[in-house]
Each structure stands twice: as structure tokens, then as C-alpha cells.
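Worksheet for the structure shown next.
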Amino acid sequence: MKKIILIAALVLGAAVAATAQPKAVGLRLGWSVEASYQHNINGADFIEANLGTFGYAGLDISSTYNFMIAQPAWTDRGEWGFYAGPGLALGFFHGTSIALQGQVGLEYTFWFPLQLAIDLKPQIGVWLWDGGAGFWRPGLYGFAPTLAVRYRF
């Protein structure tokens, strides 16, 4: 009985801690369109998960762990943040792509629940298809700037 109460308390504590962290949900628009979700993990650091098209043709699933490098106080209202981090991506377009990715960006969170960000997210990896494998060149299009618009809660 004590073990059950202890496990229930741990699960409840983890659920409360997870819901207390800031989150954001929205869209990333650029060379592709992606649904985007952010979840703060360690202070200002956050995990970002994206699901969308890759060049408006295939499907791309990616996740990055972003470190908040700086939060300059450029304005009296709202928050600025400069972030960067590594991640992984899995894509499906006439085959499968597996890639490492990096993300670097600048975001502004307004004093109301709106967040705007501009970032780069290139991918370097391999492409597997029926005929063999090769370098995933379309991942380098991630060097094109992307605008993210998110609702922060």
C-alpha cells in the first residue's frame, strides 16, 4: 500500500511540474509549413517539436533541444530570447530521410500570449530509397529563414 501511495504521489508531482512549465503552440512558415510545439524544460531552455511538410512535398517530423543563450532586456514589455540547439529529424518523400539538425533563432514574446520567432534549421543526413542511399541535400534548405507564430500559455 505504501508503494502505491508513493508511486501515485510521484506521478501526480510529475504531472503538476509538467503543466506548470510554459508552453507554446503555433505554426512555422518558410520553405515549409509546420505545426510547432514548445515546452520549457530547464529554466528558459526548451524542447521544440515540429510536424509538417518539407518543401511542400513530403512529411517532416523533427525535434530540437534549444538552449536559451541570451535574454536581452531590449524592451520594457515582453521578452527577447536568442536560442540555439541540436536535434533530429525524420522525413518521408519518395523514401525516408534521417538527419541531424541544428536550430538557431531569435524570438520575442509579447506581454500578451503571442510569440514571434525567426530561425534557421538546417538538416544534414542520409536519404534512403528503393534504389539505395545518398546525402540528403534538401535538408540544407533549412538555411532559409523561417517565421514562427505561436500562442504562448
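The values are calculated or read from the model by the stated rules, or taken from the named source; none is laboratory data. Keep in mind it's a predicted model, so treat the numbers as computed, not measured. Heads up: the accessible areas ignore ligands, DNA and RNA and are worked out on the full protein's heavy atoms, side chains in. Shrake-Rupley method; radii C 1.70, N 1.55, O 1.52, S 1.80 Å.
Tabulated data
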| quantity | calculated |
| --- | --- |
| Per residue, in Å², the accessible surface of the chain once ligands and nucleic acids are set aside, probe 1.4 Å | 58 |
| Rh by Kirkwood over Cα pairs, then Stokes-Einstein D for the chain at 1.567 mPa s and 4 °C, µm²/s | 77 |
| Sequence of Y108, Y151, Y65 from largest to smallest accessible area, 1.4 Å probe | Y151, Y65, Y108 |
| Stokes-Einstein D (µm²/s) once Rh is taken as the Kirkwood radius of the stretch 83-153 over alpha-carbon pairs, at 25 °C in 0.890 mPa s | 182 |
| Exposure of L120 as accessible area (Å², to 10), given a probe of 1.4 Å and all protein chains | 60 |
| Alpha-carbon centroids, the stretch 120-137 and the stretch 16-75: separation in whole Å | 23 |
| Accessible area of the stretch 52-153 belonging to carbon and sulfur atoms, whole % at 1.4 Å probe | 72 |
